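Visitor: Here it is, the structure, as structure tokens.
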Amino acid sequence: MAPLVAVVSSPRARLFACFLRLGTQQAAPLQLHTGACCTAKNHYEVLVLGGGSGGITMASRMKRKVGAENVAIVEPSERHFYQPIWTLVGAGAKQLSLSGRNTASVIPSGVEWIQDRVAELNPDKNCIRTDNGKEISYKYLIIALGIQLDYEKIKGLPEGFAYPKIGSNYSVKTVEKTWKALQDFKEGNAVFTFPNTPVKCAGAPQKIMYLSEAYFRKTGKRPKANIIFNTALGAIFGVKKYAAALQEIIQERDLTVNYKHNLIEVRADKQEAVFENLDKPGETQVIQYEMLHVTPPMSPPDVLKTSPVADSAGWVDVDKETLQHKKYPNVFGIGDCTNLPTSKTAAAVAAQSGILDRTISLILKNQKPTKKYDGYTSCPLVTGYNRVILAEFDYRGEPLETFPFDQSKERLSMYLMKADLMPFLYWNMMLRGYWGGPAFLRKLFHLGMS
């Protein structure tokens, strides 16, 4: 079947979406990286660990600071993905092929790509070692290794994905299985999970629930679907303003939410999911499912967990305002691998990149960092095929909204931004080091209203 096309009601909105898609197609691609790991030298002024959103973005920014020949990225993967769009891929609203590009095409030109995996960090000697045994030294180190998916911590996974009726939007290998399970649904329980660990994009586990409910309504299957969201958390969302809006949607659409319920086992051959009650240790519940969407437990990458740069939980231990390491002044962290007390999202990485750019610029001049990160993060809560609640907030869990209207309301404009504008900004501005989040837009709107 062809992917489900998002329902857009007005001609003006459709024109806007087409314009954005056209812009994406015509935008000049990043220059192809031509360096090879076999010609890599062993010392760099700036060494970046990880070629995800934070790593590529900071490499682009550092290239302008110290010169491309003085920057290197260590990243093993051949493909780079814009993962926020996988929510829509899992619901049939976007194609998976649109979410990825060759890593070589997003490495800033002239920056060395060391296609290898980090095996050990030795910040006391200012060097790292790769899986292939290569030792690389640095003057400054930026750690952007992301977060690790731990499907294997759920009994029966990942092998359970070989069966039908089960998927996960968090992996390129399983996101299309979500869409297949959604299409194949006939009647019964549609179950969606949230684990008992930190996760990236904490809104995604419930976004696919809202999209699935909308799909069931569109296809006439809603009366036969019992939709269940089992979350290990104690609330639907961490910011009260947006939580209240989501609770209204949950009630209006007759969705069942069970708090403090953590998925511990999947019996895919029997279509059974086993949950533990976190409030009553030892108590479990078995739910028969017709469709199951799994959000896996997550953790810091294994290489960081026992590293000198990690805190007691395994995350890179950085100052929450400057992103500089608390012990090693020439080491910095960005994104999901850090212990920054904010939601782990691509929007957070964008905001952090601007702060970290400024922090390193001042340190290069032997000056003290002054720019402070306020914890800005954003979660476009997709509540249907043409509606989004745009949650934006800071360290305190207080709304930090960009637009001069109530963002807790479902809006078509915010859906178009999520589906079309943000991918364009990601590929063409953020990865090139020119997008540091919407802070300037907030100032612009607030000045215009003053």
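Visitor: Once you list every other residue whose beta carbon is under 10 Å from the beta carbon of Pro223, what net charge do they have if Lys and Arg are +1 and Asp and Glu are -1?
Guide: Overall, the nearby charge balance is +3.
Visitor: Local charge sum around Phe393 (other residues, Cβ-Cβ under 13 Å, Lys/Arg +1, Asp/Glu -1)?
Guide: -1
Visitor: What trypsin sites (Lys or Arg not before Pro) does segment 252-320 have in DSSP loop regions with at most 13 other beta carbons within 10 Å?
Guide: Answer in residue order: Lys270.
Visitor: In nm, give the distance between the simple-model label positions of Tyr328 and Asn366, each being 7 Å from the Cα along the Cα-to-Cβ direction.
Guide: Label-label distance for Tyr328 and Asn366, simple model: 2.4 nm.
Visitor: Any chance you could give the angle, 0 to 90 degrees and rounded to 10, that helix 240-252 forms with the longest Cα principal axis of the chain?
Guide: For helix 240-252, the angle is close to 30 degrees.
Visitor: Give me the net charge for the shell around Asn277: Cβ to Cβ below 9 angstrom, other residues only, Lys and Arg +1, Asp and Glu -1.
Guide: Around Asn277, the surrounding residues sum to -1.
Visitor: Pick from Lys241, Lys368, Lys280: which is most flexible by mean-square fluctuation in a GNM of the chain where alpha carbon atoms under 10 Å apart are linked?
Guide: Among Lys241, Lys368, Lys280, the largest GNM mean-square fluctuation belongs to Lys280.
Visitor: Run the numbers for Ala235 and Ala162: contour at 0.36 nm per residue of separation, minus the present Cα-Cα distance, in nm.
Guide: Extending this stretch completely gives an extra 23.1 nm.
Visitor: Same structure again: Rounding to the nearest 10 and keeping the result within 0 to 90°, find how far the Cα-based axis of helix 204-218 lies from the longest principal axis of the chain.
Guide: Relative to the chain, helix 204-218 is tipped by roughly 40 degrees.
Visitor: Given segment 178-293, what count of lysine pairs have C-alpha atoms under 25 Å apart, with each pair 8 or more places apart or on different chains?
Guide: 26
Visitor: In a Gaussian network model over the chain where Cα atoms closer than 10 Å are linked, find which of Asp116, Asp269, Asp394 has the largest mean-square fluctuation.
Guide: Judging by the Gaussian network model, the answer is Asp269.
Visitor: Which semi-axis lengths, in whole Å and largest first, follow from the square roots of five times the eigenvalues of the Cα gyration tensor of segment 221-313?
Guide: 29, 21, 13
Visitor: Would you list which aspartates and glutamates come within 15 Å of Lys41, measuring only between C-alpha atoms, while excluding same-chain residues fewer than 8 positions from it?
Guide: Correct list for Lys41: Glu69, Glu112, Asp116, Glu135.
Visitor: Using a Gaussian network model of the chain whose springs link C-alpha atoms within less than 10 Å, name the residue from Ala104, Ala313, Ala347 with the highest mean-square fluctuation.
Guide: Highest fluctuation among the options: Ala313.
Visitor: Just the accessible area per residue of the chain, please: how many Å² with a 1.4 Å probe?
Guide: 43
Visitor: Please report, as a whole percent, how much of the solvent-accessible surface of segment 206-279 comes from carbon and sulfur atoms (probe radius 1.4 Å).
Guide: The C+S portion of the solvent-accessible surface of segment 206-279 is 43 percent.
Visitor: Report the gain in length on full extension from Arg217 to Glu78: 0.36 nm times residue separation, minus Cα-Cα distance, nm rounded to one decimal.
Guide: Full extension from Arg217 to Glu78 adds 46.1 nm.
Visitor: Still on this structure: Pulled fully out, how much extra length does the chain show between Leu441 and Glu248, if you take 0.36 nm times their separation in residues and subtract their Cα-Cα distance?
Guide: 66.5 nm
Visitor: Sticking with this one: Would you calculate the separation in nanometres between label points at Ser105 and Asp124, each defined as 7 Å from the Cα along the Cα-to-beta-carbon direction?
Guide: Label at Ser105, label at Asp124, 4.5 nm between them.
Visitor: Taking the simple approach of a point 7 Å from Cα along Cα-to-Cβ for both Asn132 and Glu265, what is their distance in nm?
Guide: For the pair Asn132/Glu265, the computed spacing is 4.4 nm.
The values are calculated or read from the model by the stated rules, or taken from the named source; none is laboratory data. Only a predicted model underlies this, so the values are computations on that prediction, with no experimental measurement involved. Don't worry about glycine lacking a Cβ; one is built from the backbone with ideal geometry, like all the others, and counts go over all protein chains shown. The protein model used for the area step is the full one, side chains on, heavy atoms only, and it has no ligands, DNA or RNA in it. Shrake-Rupley method; radii C 1.70, N 1.55, O 1.52, S 1.80 Å.
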